[in-house]
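Below is one structure; the comments refer to it alone.
The values are calculated or read from the model by the stated rules, or taken from the named source; none is laboratory data. What you see is a predicted model, and the numbers here were worked out from it, not measured in a lab. Cβ placement follows ideal geometry from the backbone for every residue including glycine, while neighbour counts extend to all protein chains displayed.
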Amino acid sequence: MTKADIIREEAAGELEAQRRQVGALKSLKTLFDTSLIGIYILQDGKFQFVNARFQEIVGYSENELLGTYSLELVHPKDRNMVRENAVRMLKGERSSQYEYRTISKNGANKWIAETVVPIQYLGKRAVLGNFMDITDHKQIEEELKQTLNELQRSNAELEQFAYVASHDLQEPLRMVASYTQLLARRYQGKLDADADDFIAYAVGGANRMHKLINDLLAYSRVSTRGKPFELTDCEAIVDEAVSNLQMAIGESDAVITRHHLPTVMADPTQLVQLFQNLIGNAIKFRKGHAPEIHIGAEQSDGMWSFSVQDNGIGIDPQYADRIFLVFQRLHGNEDYRGTGIGLAICKKIVERHSGRIWVEPNNSEGSTFYFTIPMKGGK
Ligand code: ADP
């Protein structure tokens with residue numbers, strides 16, 4: 001091979017390498033031009049490069065942007081924060097990520113999420129920025145925050161209302177109840193028959209109202225008087241609930257069986273109340289025969305799932321949600337006594353423990369109430 005051949009070959013190789021480099025740069029340019037993310041390069045705080053998406057987000061053309069200070073696009077309230085980030089970058093930080101508002105050409109504010117990294121561009125120090133329009137996200141986030149605030153506020157207001165109403169109504173009600181009872185005792189049979197009936201209705205009404213108000217107060221106390229969670233042995237809890245129900249169990253010949261029950265993080269007093277309400281209902285809503293109640297617990301997805309199964313009258317699935325609402329009952333007071341607050345209290349207790357409660361019909365007869373409690377303890 002002659003010297004000329006060697007020089008020719010070397011030149012061809014160099015040309016090929018240059019062609020490849022140009023090809024790579026073209027691909028990179030296509031990537032920048034078609035990117036869904038705004039990309040820009042700054043030198044001395046001024047735009048040196050802006051891709052199509054960047055221009056689209058801010059509404060200015062490449063010509064209008066190149067050579068202008070990037071801070072001019074930043075909302076005055078966010079300028080300090082963006083400037084401080086730039087200073088940190090100059091001091092050697094390797095990358096920075098932040099959110100701010102930008103002012104686009106038509107005057108609209110847009111929320112931007114941005115990542116910037118220091119680079120070398122045309123032999124000089126520069127900053128490469130990735131720029132994403134998150135205005136829609138921010139708007140949804142803001143709306144969600146507002147809805148949550150509103151919900152928390154109205155919830156707190158409702159709870160306060162329920163507490164104050166039930167608490168403050170107790171005193172006047174006690175007066176009405178005790179004076180109607182006094183009337184009944186003193187004037188029973190001394191006035192006419194109608195008067196006896198009227199007084200009996202008044203006594204009955206006052207008693208019932210007394211029960212309703214007490215229940216409402218108990219309901220609002222689930223959140224206002226809740227105790228901190230502690231390690232709670234559910235075996236002991238069910239023992240206590242069963243012992244509190246001894247009379248009903250004796251009268252109905254109820255048989256209560258159970259699997260081994262776990263220890264959970266919970267408010268023990270509320271857990272007794274929860275089991276007592278569910279077992280009490282299983283006894284109260286029995287069919288003609290003696291109640292057979294089974295209490296179980298299974299693990300699934302980080303939760304303990306408890307069940308209280310009965311062989312009672314069962315619940316029509318269409319009312320499965322309604323029965324957990326305050327004062328909602330499926331039967332008249334003459335058939336089964338009660339105020340309809342027990343399951344609402346159960347729901348509130350379970351939700352305070354970050355769990356869920358529901359009911360399912362059994363295959364044969366009766367129904368099973370389930371509730372979950374996180375294995376690591378609720379909030
Ligand atoms: P209460 O027992 O005072 O009526 P609850 O809130 O405890 O109030 O129950 C609401 C309604 O749900 C009851 O009136 C009853 O109709 C139904 N219910 C609750 N537990 C059972 C059960 N184990 N079997 C059948 N029905 C039930």
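Descriptive notes on the structure:
- Lone unmet requirement of (1) in contact with a strand residue (DSSP E or B) (Cβ under 8 Å, 6 or more places away or on another chain); (2) not in a helix (DSSP H, G or I) for Arg88: (2)
- Residues that are touching a residue at least 24 places away in the same chain (Cβ under 8 Å) and surrounded by fewer than 18 Cβ atoms within 10 Å (Cβ to Cβ) were ranked within the stretch 340-359; the one that is farthest from Val222 (Cα to Cα) is Trp358.
- Residues of the stretch 43-73 satisfying the condition of being over 17 Å from Ala113 (Cα atoms), buried (at least 17 other Cβ atoms within 10 Å of the Cβ) and of a type outside the set (S, T, N, Q): Phe47, Phe49, Tyr60, Leu65
- Filtered by the rule that a residue be under 14 Å from Lys110 (Cα atoms), of a type outside the set (Ser, Thr, Tyr) and not in a helix (DSSP H, G or I), the stretch 50-67 gives a lone residue, Gly59.
- Single condition Ala4 does not satisfy, out of (1) aliphatic (A, V, I, L, M); (2) loosely packed, with under 10 Cβ neighbours inside 10 Å; (3) assigned by TED's automatic domain parsing to the domain that holds Gly123: (3)
- Yes/no for Gly38 being surrounded by 10 or more Cβ atoms within 10 Å (Cβ to Cβ) and either in contact (Cβ under 8 Å) with a residue 60 or more places away in the chain or under 36 Å from the mean Cα position of the chain (by Cα) (or both): yes
- Residue that is farthest from Ala266 (Cα to Cα) [pool: residues in the stretch 342-360 that are out of contact with any Leu (no Cβ under 7 Å at 6 or more places or on another chain) and within 8 Å of the ligand (Cβ to nearest atom)]: Val359
- Within the stretch 294-338, tally of residues that are near the ligand (Cβ under 9 Å from one of its atoms), outside any helix (DSSP H, G or I), buried (at least 16 other Cβ atoms within 10 Å of the Cβ) and not acidic (Asp, Glu): 8
- When restricted to residues that are under 31 Å from the mean Cα position of the chain (by Cα) and surrounded by fewer than 17 Cβ atoms within 10 Å (Cβ to Cβ), the stretch 102-131 contains 3.
- Only listed residue being in contact with a Leu (Cβ under 6 Å, 6 or more places away or on another chain) and surrounded by fewer than 16 Cβ atoms within 10 Å (Cβ to Cβ), chosen from Thr263, Thr257: Thr263
- Selected residue (only one of Gln170, Gln188, Gln152 is touching a helix residue (DSSP H, G or I) at 6+ places or on another chain (Cβ under 7 Å), polar (S, T, N, Q) and closer than 30 Å to Ser220 by Cβ): Gln170
- Residues of the stretch 263-282 classified as touching a Gly at 6+ places or on another chain (Cβ under 8 Å) and within 16 Å of the ligand (Cβ to nearest atom), total: 5
- Residue check, Phe285 in the same structural domain as Ala266 (by TED's automatic domain parsing), of a type in the set (Phe, Trp, Tyr) and farther than 23 Å from Val242 by Cβ: no
- Per the listing Val50, Val87, Val74, the residue uniquely of a type outside the set (Gly, Ala, Ser) and in contact with a Leu (Cβ under 7 Å, 6 or more places away or on another chain) is Val50.
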